[in-house]
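What follows is a set of notes on a single structure, which appears directly below.
The values are calculated or read from the model by the stated rules, or taken from the named source; none is laboratory data. Quick caveat, the model's predicted, so the values are computed rather than measured. Positions of Cβ are backbone-derived with ideal geometry, glycine not excepted, and every protein chain shown enters the neighbour counts. The area values use the complete protein model at the heavy-atom level, side chains included, leaving out ligands, DNA and RNA. Shrake-Rupley method; radii C 1.70, N 1.55, O 1.52, S 1.80 Å.
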Amino acid sequence: MDATLTLELPTSTILQVTPEQFEALAAANRDLRLERTAKGELIVMPPTGGESGQRNFSLTAQLGIWVETHSDLGEGFDSSTGFILPNGAIRSPDAAWVSRSRWDALTPEQRRGFPPLCPDFVIELRSPSDNLLPLQAKMQEYRDNGTGLGWLIDPQRQQVEVYRDGGEVEVLDRPLELSGEVVLPEFRLNLQRIW
């Protein structure tokens with residue numbers, strides 16, 4: 001009989017992993033959501049609760065419908081996809097999109113593994129257990145590594161922080177809809193089910 005062991009680490013403990021070790025850990029633990037910072041620190045993210053899962057499903061479904069009707073423009077990805085950012089971090093946004101030209105420039109091997117690029121567009125959805133400052137730092141990291149548009153959606157504060165390439169962060173209070181702007185032409189995200 002297999003026994004499951006649980007490893008609990010104090011918050012002050014930081015585990016360092018190389019990119020190769022991270023890939024091996026991710027392959028052996030497909031049920032876990034793992035990320036690696038640019039400094040090599042391992043981040044293990046707990047599963048979401050029901051409300052967060054429902055909200056994330058709505059976000060992913062809406063983006064997916066747009067991608068299917070605009071497949072010539074690029075590819076969409078869910079929260080289980082890890083991307084190797086130019087700074088060496090391996091991040092998994094809650095939803096992401098990569099332009100067709102950038103996706104097609106990858107080799108088949110690069111597409112099968114963690115794609116070595118920063119998505120053009122990302123969404124991060126704050127769960128009740130998420131601290132805001134690390135999520136804001138993650139959004140800034142996406143922007144610093146090439147994301148053209150990013151949304152940090154915070155149901156607790158009923159706000160959206162909009163991150164644009166080269167611009168200031170814009171904070172929107174309880175918007176009902178978000179525009180994909182020039183990055184995702186004609187995309188509109190309905191937030192009524194999120195609030």
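At-a-glance table
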quantity	calculated
Qualifying residue in the range 99-120 (condition: open to solvent by 10 Å² or more (accessible area, probe 1.4 Å) and β-branched (Val, Ile, Thr))	yes
Given (1) farther than 17 Å from residue 183 by Cβ; (2) open to solvent by less than 40 Å² (accessible area, probe 1.4 Å); (3) in contact with a Phe, Trp or Tyr (Cβ under 8 Å, 6 or more places away or on another chain), number of the condition residue 88 does not satisfy	(3)
Single residue of the range 163-195 satisfying the filter (under 17 Å from residue 95 (Cβ atoms) and polar (S, T, N, Q)) that is most open to solvent (accessible area, probe 1.4 Å)	190
Long-range neighbours under 9 Å by Cβ, at least six apart or interchain, first residue more than 19 Å from residue 191 (Cβ to Cβ) within the range 61-72, second in a helix (DSSP H, G or I)	71/100; 72/100
Lone unmet requirement of (1) out of contact with any Leu (no Cβ under 6 Å at 6 or more places or on another chain); (2) farther than 17 Å from residue 150 by Cβ for residue 26	(1)
Selection from the range 57-80 of residues that are open to solvent by 30 Å² or more (accessible area, probe 1.4 Å), touching a Ser or Thr at 6+ places or on another chain (Cβ under 9 Å) and either modelled with pLDDT under 95 or outside any strand (DSSP E or B) (or both)	60, 73, 78, 80
Positions within the range 151-169 being in contact with a Lys or Arg (Cβ under 6 Å, 6 or more places away or on another chain), assigned to a strand (DSSP E or B) and not acidic (Asp, Glu), in sequence order	163
Single condition residue 178 does not satisfy, out of (1) in a loop (DSSP other than H, G, I, E, B); (2) free of Cβ contacts under 8 Å to residues at least 40 places away in the same chain	(1)
The range 80-106 residues that are of a type in the set (D, E, K, R), paired with ones that are assigned to a helix (DSSP H, G or I) and crowded, with 17+ Cβ neighbours inside 10 Å (beta carbon under 6 Å, 6 or more apart)	94/56
Residues (among the aliphatic types (A, V, I, L, M) and not in a helix (DSSP H, G or I)) located in the range 118-144	122, 123, 125
